[in-house]
Amino acid sequence: MKRKTVVVVALISSWLLPLVCVAGGWFELDVARDPKGVYSRSVMGGVSGWSQSNSAVGYYVFGQAVEGGYAQIYAGPHFRVNAFEFGIAAGVEHVPGSGDTWTLRRAGYVALSKEKFFALGIFEVGQSGNSWHKVVMTYAINSEWNFGLINQAFLGTGVRAEYALSENISIQGMTFSDGGEINSAIAIQYHW
C-alpha cells in the first residue's frame, strides 16, 4: 500500500468519523532511552468518539511515527459497559527497510476507570511479526498528579508519574527495568 493511500485513509477516518460521533483526541511527543544511551523519538496521536444515539458504542483511530522509519495507523470500533471499555482495530504498518511496503497491523485494548483508579492494556501485532503491548495502572493522587506502574514491550516494567501542566497538557515520566537494565522515557501530551 502506498504512503499516499495511508494518509488519505487517516484523514478520512479522523475527519469524517467525528461527524457521527462525539470526538476527543490526543497528540503526544515522546523520547525513550535504552541502557546503551540510544534515544528513540516518536510522535503519536489518536481520535475517538462515542455514538450520539448510543454512548456505549464508538470508534477510535491511532497513528504513530518513530524516528528511523517505523509508522503505523489503525482504526476500529470500541465499546463501553459501565467503567469497562474495550476496542478492536485494524490498519497498516511500515517497517524500516521494507521499501514502500505497508502490511496489516491489528490492535485491541481494554480499560477500566473507577473513581481515581485507571488501568489500560493495549495489544498490537503486525504481519512484520512484531507484537507489542503496554499495560498501565495509575492512581490519581489529586487533579494534578497520577502515579502508577507500567509494563511495555521492549522497555520492561517500571513506575510512571504524570503531572498535569494545565487542563489539556500533561507530562509523563517513566523508568523501566528490563532484565536488570534500566530504560527511561518522557512524554508530553496534549488532549482535547
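The rows are residues; the columns are (1) closer than 20 Å to Phe27 by Cα; (2) of a type in the set (A, V, I, L, M, F, W, C).
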{"residue": "Pro96", "(1), (2)": "no, no"}
{"residue": "Thr103", "(1), (2)": "no, no"}
{"residue": "Ser113", "(1), (2)": "no, no"}
{"residue": "Asn142", "(1), (2)": "no, no"}
{"residue": "Leu155", "(1), (2)": "no, yes"}
{"residue": "Ala161", "(1), (2)": "yes, yes"}
{"residue": "Asn168", "(1), (2)": "yes, no"}
{"residue": "Ile171", "(1), (2)": "yes, yes"}
{"residue": "Thr175", "(1), (2)": "no, no"}
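Across segment 147-163, which residue is nearest to Ala23 (Cα to Cα) among those that are free of Cβ contacts under 8 Å to residues at least 60 places away in the same chain and crowded, with 16+ Cβ neighbours inside 10 Å?
Glu162
Would you pick out the residues in segment 109-127 that are surrounded by fewer than 17 Cβ atoms within 10 Å (Cβ to Cβ) and under 22 Å from Tyr70 (Cα atoms)?
Correct list: Gly121, Phe123, Val125, Gln127.
For segment 120-142, what are the residues that are modelled with pLDDT of 95 or more and more than 15 Å from the chain's Cα centre (by Cα)?
Thr138, Tyr139, Ala140, Ile141, Asn142
Please pick out the residue among Gly69, Gly46, Gly58 that is within 12 Å of the chain's Cα centre (by Cα) and at pLDDT below 95.
Of Gly69, Gly46, Gly58, the one residue that is within 12 Å of the chain's Cα centre (by Cα) and at pLDDT below 95 is Gly46.
Can you spot a residue in segment 60-78 that is touching a Gly at 6+ places or on another chain (Cβ under 7 Å), among the polar types (S, T, N, Q) and on the phi < 0 side of the Ramachandran plot?
Scanning segment 60-78 turns up at least one residue that is touching a Gly at 6+ places or on another chain (Cβ under 7 Å), among the polar types (S, T, N, Q) and on the phi < 0 side of the Ramachandran plot.
Taking segment 64-100 as the search range and keeping residues that are assigned to a loop (DSSP other than H, G, I, E, B) and without any contact (Cβ under 8 Å) to a residue 24 or more places away in the chain, which one is farthest from Arg41 (Cα to Cα)?
Ranking the qualifying residues of segment 64-100, first place goes to Asn82.
Restricting to segment 164-176, count the residues that are among the hydrophobic types (A, V, I, L, M, F, W, C), within 17 Å of the chain's Cα centre (by Cα) and buried (at least 19 other Cβ atoms within 10 Å of the Cβ). Give the steps one after another, and end with the answer.
Within segment 164-176, the first condition is being among the hydrophobic types (A, V, I, L, M, F, W, C), and the residues that meet it are 164-165, 169, 171, 174, 176.
If we keep only those that are within 17 Å of the chain's Cα centre (by Cα) too, we end up with 169, 171, 174.
Checking which are buried (at least 19 other Cβ atoms within 10 Å of the Cβ) leaves us with 174.
Adding up the residues that qualify gives 1.
I'd like to check something: does segment 111-119 contain any residue that is within 30 Å of Lys36 (Cα to Cα) and at pLDDT 95 or above?
The answer is no; no qualifying residue exists.
The values are calculated or read from the model by the stated rules, or taken from the named source; none is laboratory data. For clarity, every value in this text was computed on a predicted model and none was experimentally measured. No Cβ is skipped: glycine too gets one built from the backbone with ideal geometry, and neighbour counts run over all protein chains shown.
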